[in-house]
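Everything on this sheet refers to the single structure shown next.
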Amino acid sequence: VLQIVKESQQQHGLRHGDFQRYRGYCSRRLRRLRKTLNFKMGNRHKFTGKKVTEEILSDNRYLLLILMDAERAWSYAMQLKQEANTEPRKRFHLLSRLRKAVKHAEELERLCESNRVDAKTKLEAQAYMAYLTGMLRFEHQEWKAAMEAFNKCKTIYEKLANAFTEEQAVLYNQRVEEISPNIRYCAYNIGDQSAMNELMQMRLRSGGTEGLLAEKLEALITQTRAKQAATMSEVEWRGRTVPVKIDKVRIFLLGLADNEAAIAQAENEETKERLFESLLSECRDAIQAVREDLKPDQKQREHSLENDSGKVSNIQYLHSYLTYIKLSTAIKRNESMAQALQKALLQPQRAEEDGKRTPRPQDLIRLYDIILQNLVELTQLPGLEEDKNFQKEVGLKTLVYKAYRCFFIAQSYVLVKKWSEALVLYERVLKYAREVQSGAGAHTNSLKELPDVQDLITQVNAEKYSLQAAAILDANDTHEAESPSQVKDGKPLSERFETFCLDPSLVSKQVSLVHFPPGFQPIPCKPLFFDLALNHVAFPPLEDKVEQKAKSGLTGYIKGIFGFKS
């Protein structure tokens with residue numbers, strides 16, 4: 001049963017969460033089965049209901065009829081569940097279709113009790129029935145009954161997984177993993193407070209996976225936080241308490257600590273990156289919700305600025321707090337990516353494989369540029385302009401990241417053998433690092449999460465000596481390498497036939513044979529002719545013709561009309 005269901009779902013829409021497409025497939029397959037088995041429900045004029053009984057179970061396709069009926073009802077229910085987010089009335093139709101699916105599953109389980117059905121199919125029919133029953137009870141929020149049904153389903157699939165080969169056990173174990181989040185959520189609603197932590201661990205163990213399981217985990221965690229959010233009314237940040245009235249913001253702030261703990265426990269960079277993106281997405285949604293409430297508050301905020309001597313309103317301060325969380329999280333994510341790139345740079349360089357480019361110092365420079373831009377935005381948050389401690393902390397962080405940015409710019413100059421530029425940049429790194437050490441003082445706690453500046457100073461001093469040695473060796477190699485037979489002046493081959501020169505580019509794909517397109521060459525221009533005799537020519541007088549033309553008036557006009565000429 002499970003193999004047929006999973007193959008049909010993966011091939012007909014559920015790989016992308018398209019339940020409507022899968023429901024259409026179930027309807028078409030039911031029609032084909034009824035036509036093949038000659039098990040039609042009447043004709044086009046009259047409906048005649050028929051039921052599958054044990055007496056006609058001569059073909060296993062009769063069981064497929066019941067299974068496809070249940071799958072069609074279940075897929076329609078899941079489609080309605082997606083649409084019920086915007087249309088709550090569809091939830092009633094959803095429950096009706098789930099009850100229909102459970103009814104078909106009960107009929108399948110009853111038919112599988114026949115002696116004509118093997119033991120494996122009987123167990124799978126029981127597990128399928130328990131799964132759909134659990135889904136129905138889950139939607140009804142009957143947590144205890146749902147938990148019992150899911151546990152029964154889980155037990156059967158675990159037993160089946162142990163009884164067969166590893167290839168067959170993979171399918172059963174996948175279904176067990178799908179059921180486990182629902183069981184923990186039911187346990188949480190019954191009263192098990194540790195279930196929320198287990199849901200977080202499940203999401204962490206899922207790694208970078210996507211699909212129905214990841215979506216289900218996210219939905220269950222959001223529902224759990226929504227229940228806890230009812231008790232949250234305010235938040236405190238930098239000595240000021242702000243009321244929180246927006247549910248989406250409450251849910252986000254409640255899950256902030258859990259998300260940060262999950263990021264800290266992530267085992268690999270891919271999982272950590274996915275969790276960072278999830279946290280940033282939730283933060284953006286919360287900021288958007290606050291911004292919508294902030295628009296009608298603009299006039300009140302301007303009035304409060306006049307009366308409260310520049311103190312921003314609570315909603316504006318909450319917006320600044322959420323923006324601070326978003327920018328801080330973006331900085332941590334970019335710093336995590338920078339640390340991963342630094343580790344990759346320290347490893348021996350390999351040839352580019354599968355189109356993957358090897359990391360370079362320029363990649364790190366871009367990340368630190370983004371971090372510095374985020375720090376500039378932090379200093380401009382409304383409500384924090386007069387907070388000197390905050391501005392001092394951000395200034396120190398800016399110096400730390402500027403030092404690291406200069407360091408990797410110097411590294412990129414070393415790669416192209418620009419020794420003097422790299423040496424100047426190393427001195428600039430030491431200058432920034434000393435400023436951080438001298439200004440840290442009371443802000444040591446805020447710098448604990450940042451990279452250690454003392455390690456950077458030690459590394460820069462070592463790199464300076466290496467750079468000076470490399471510069472001296474490079475200068476010696478340059479003098480030794482210059483010989484008449486190896487000096488390349490950049491001329492193409494067609495212009496140096498008489499000079500012997502070792503040029504490796506002649507056997508490469510970018511050989512220089514001639515200048516193309518060819519350059520311009522001077523040619524004689526077309527001669528210019530000047531008519532100098534024109535100034536000495538005397539023209540005949542025309543006064544007589546001008547006088548005759550002046551005398552012609554109305555008479556000449558009439559003669560001209562009739563063709564008379566003078």
Open item on the list: Here is a check on your reading of the model: is ARG97 under 22 Å from ARG29 (Cα atoms), open to solvent by 70 Å² or more (accessible area, probe 1.4 Å), in contact with a Leu (Cβ under 7 Å, 6 or more places away or on another chain) and modelled with pLDDT of 85 or more?
Closed with: no
Task: Single residue of segment 354-395 satisfying the filter (surrounded by fewer than 16 Cβ atoms within 10 Å (Cβ to Cβ) and among the hydroxyl-bearing types (Ser, Thr, Tyr)) that is farthest from ALA410 (Cα to Cα) - done: THR379
- [ ] Using the structure shown, decide if LYS120 is in the same structural domain as HIS12 (by the TED database) and either under 39 Å from the mean Cα position of the chain (by Cα) or not in a helix (DSSP H, G or I) (or both).
- [x] no
Open item on the list: Suppose we keep only residues that are polar (S, T, N, Q) and open to solvent by 60 Å² or more (accessible area, probe 1.4 Å) within segment 269-312. Which one would you say is modelled with the highest pLDDT?
Closed with: GLN288
Task: Filtered residues of segment 44-91 (kept if among the β-branched types (Val, Ile, Thr) and either outside any loop (DSSP other than H, G, I, E, B) or modelled with pLDDT of 90 or more (or both)) - done: ILE56, ILE66
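Could you identify the single residue in GLU547, GLU495 that is at pLDDT 80 or above and either out of contact with any Phe, Trp or Tyr (no Cβ under 7 Å at 6 or more places or on another chain) or closer than 30 Å to SER420 by Cβ (or both)?
Selected residue: GLU495, the only one of GLU547, GLU495 that is at pLDDT 80 or above and either out of contact with any Phe, Trp or Tyr (no Cβ under 7 Å at 6 or more places or on another chain) or closer than 30 Å to SER420 by Cβ (or both).
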TODO: Would you confirm whether any residue within segment 26-39 is crowded, with 16+ Cβ neighbours inside 10 Å, closer than 18 Å to GLN3 by Cβ and either under 36 Å from the mean Cα position of the chain (by Cα) or not assigned by the TED database to the domain that holds LYS152 (or both)?
DONE: yes
Task: Filter pass, GLN10 being touching a helix residue (DSSP H, G or I) at 6+ places or on another chain (Cβ under 9 Å) and either modelled with pLDDT of 85 or more or hydroxyl-bearing (Ser, Thr, Tyr) (or both) - done: no
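The values are calculated or read from the model by the stated rules, or taken from the named source; none is laboratory data. Fair warning: this is a prediction, and the values are worked out from it, not measured in the lab. We place every Cβ from the backbone using ideal geometry, glycine too, and count neighbours over all the protein chains shown. In case anyone asks, the SASA skips ligands and DNA or RNA and just uses the protein heavy atoms, side chains included. Shrake-Rupley method; radii C 1.70, N 1.55, O 1.52, S 1.80 Å.
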